[in-house]
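Asks: Before anything else, here's the structure in question.
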Amino acid sequence: MADNLSPLESEIRRRIAVGGPISVADYMRLCLTHPQYGYYINRDPFGARGDFITAPEISQMFGELIGLWMATVWRQMGAPQSLRVIELGPGRGTLLIDALRAVRVVDRFHAAVTLHLVEISTALQRMQNERLKSLDVPKFWHTALEEVPDGPCIIIANEFIDALPVHQAVKRPSGWYERVIEVDSDGNLVFGLNYDPLPHFEATLPDGLRHCANGSIFEWRADAIALELGRRVRSDGAALILDYGHVQCALGDTLQAVAGHAYTNPLRAPGEADITAHVDFDALAQRADIVGGRVHGPITQRDFLLHLGIDKRAAALKANAVHEKALEIDRALARLTAMSARGMGELFKVLAIADPKLGALPGFETSS
């Protein structure tokens, strides 16, 4: 078996042999961001040739509406002369290309923008740099949001939070135990439980989840990103988070891996698949609110895009399109807004965090 192991799996097994089982969060972090073998470090996972397709790659309409959202929020901020547009995990840069193209007609907005791209992958940084040359705006790259200078900002996080490491705990009669990755007697990577229970863990759970069946799983992420988002936007800023997840804290195992547009075992071939878990929008909102950011939503992606007029934008694009292109636009609109299992309209949620003085934000007017 050892001869067939990938370099990352060998490294994970070495760590387990030396220090014992590792948490699900540590395993996920290694799989995605190991400096040599991490999934996101040396590849382009996006698009039809990659492992998955994100909303900006489905249709230009998505990025265009985000661009108009940004321009409207900038005006609500008082149209500052300098605006940091920050994207967390910008992928191929497609969202920013479509967004800034759509707002070229907005007076003074383009001149105010400085792009700050939070990206850990050097391969994707090179691609972003090449593709974003046409935008003719200053661009800077960072490996963490904390590195971006403070100031008036709009932050976009599309399918970013789901890839942040998630911890899992399992309920047993004697308490809650953190779920770990270990090597079984047959030499396979498997899920297990830490030896000791998590002290006072049940007291930290929402009231409705404290009395649950044995075997129940609870997931949580570190508070750092939510607190940083709330801190940054509470004075002249706004953040828009679009991702798949649940509106209220809930029990359940949502860890999943995708490779080649198909689900796969998260413990198989570490570093070769995208590993994610659903976003707990309730917890995210609570943490951002604690530090002073006003929370808008969450609402479904369908409602958000319809509020912004995606159906009207689709009709305008179809008016001058040939038949095949019109069908493509219809398919993209359906995929972005459909409430079915194959659509993104219900599973994906949208949450905004902003300076309280901005008032209602576009897309959230009836849900704040």
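Computed from the coordinates by the stated procedures, all read-outs in this text should not be read as laboratory data. Keep in mind that this is a model prediction, so the values were computed, not measured. Quick reminder, even Gly has a Cβ in these numbers, built from the backbone with ideal geometry, and neighbours come from all protein chains shown.
Asks: How large, in Å, is the stretch 101-147 by the Kirkwood hydrodynamic radius built from its alpha-carbon pairs?
Replies: 11.8
Asks: When the chain is fully extended, how far beyond the present Cα-Cα distance does Q248 get from V322, taking 0.36 nm per residue of separation?
Replies: Gain on stretching Q248 to V322: 22.3 nm.
Asks: Going by average Cβ density within 10 Å per residue, which order do the peptides 56-69, 126-139 take, highest to lowest?
Replies: In descending order of packing, they fall as 56-69, 126-139.
Asks: Looking at the stretch 251-368 from every direction and averaging, what is the projected area of its Cα convex hull in nm²?
Replies: Directional mean of the projected Cα hull area for the stretch 251-368 stands at 10.4 nm².
Asks: Mind giving me the nanometre distance, one decimal, between the label points for E182 and R331, set 7 Å out from Cα along Cα→Cβ?
Replies: Here the modelled spin labels are 4.8 nm apart.
Asks: To the nearest 20 debye, what is the magnitude of the charge dipole of the stretch 211-338 about its Cα centre, counting +1 on the Cβ of each Lys and Arg and -1 on the Cβ of each Asp and Glu?
Replies: The dipole of the stretch 211-338 has a size of about 400 debye.
Asks: Considering the zone a paramagnetic label at S235 would reach in this model (a point 7 Å from Cα along the Cα-to-Cβ line), which residues of the stretch 125-166 have amide N under 20 Å from it?
Replies: 145-155
Asks: Could you tell me which residue out of F160, W176, G208 lies farthest along the dipole of the stretch 101-212 toward its positive end? Charges go on the beta carbon: Lys and Arg +1, Asp and Glu -1, centred on the Cα centre.
Replies: Working it through, the farthest residue towards the positive pole turns out to be F160.
Asks: Continuing with the same structure: Relative to the compact globular guide of 2.2 N^0.38 Å, what is the alpha carbon radius of gyration of the chain, as a ratio?
Replies: Relative to the 2.2 N^0.38 Å estimate, the chain comes out at 1.02.
Asks: Could I ask something else about it? Add -39500 (n - 2.57) for each DSSP H run of 4 or more in the chain, then divide by its residues: what number comes out at 222 nm, to the nearest 500 deg cm²/dmol?
Replies: Rounded to the nearest 500, it is -9500 deg cm²/dmol.
Asks: Starting from the 7 Å offset along Cα-to-Cβ, what nm value, one decimal, do you get for the label separation of Y263 and H211?
Replies: Output for this residue pair reads 3.2 nm.
Asks: Mind pulling the per residue volume of the convex hull built on the Cα atoms of the stretch 158-216? Å³ is fine.
Replies: Roughly 125 Å³ of hull volume per residue.
Asks: In debye, nearest 20, what is the charge dipole magnitude of the stretch 101-172 about its Cα centre with +1 on Lys and Arg Cβ and -1 on Asp and Glu Cβ, if you could check?
Replies: 220
Asks: If you wrap a convex hull around the alpha carbons of the stretch 1-151, what volume per residue comes out, as a whole number of Å³?
Replies: Roughly 138 Å³ of hull volume per residue.
Asks: Here is a follow-up. What nm value, rounded to one decimal, do you get for the distance between L306 and V105 when each label is placed 7 Å out toward the C-beta?
Replies: 2.6
Asks: Only Lys, Arg, Asp and Glu count, each charged at its Cβ (+1, +1, -1, -1), so figure out the dipole size of the chain about its Cα centre, rounded to 20 debye.
Replies: 940
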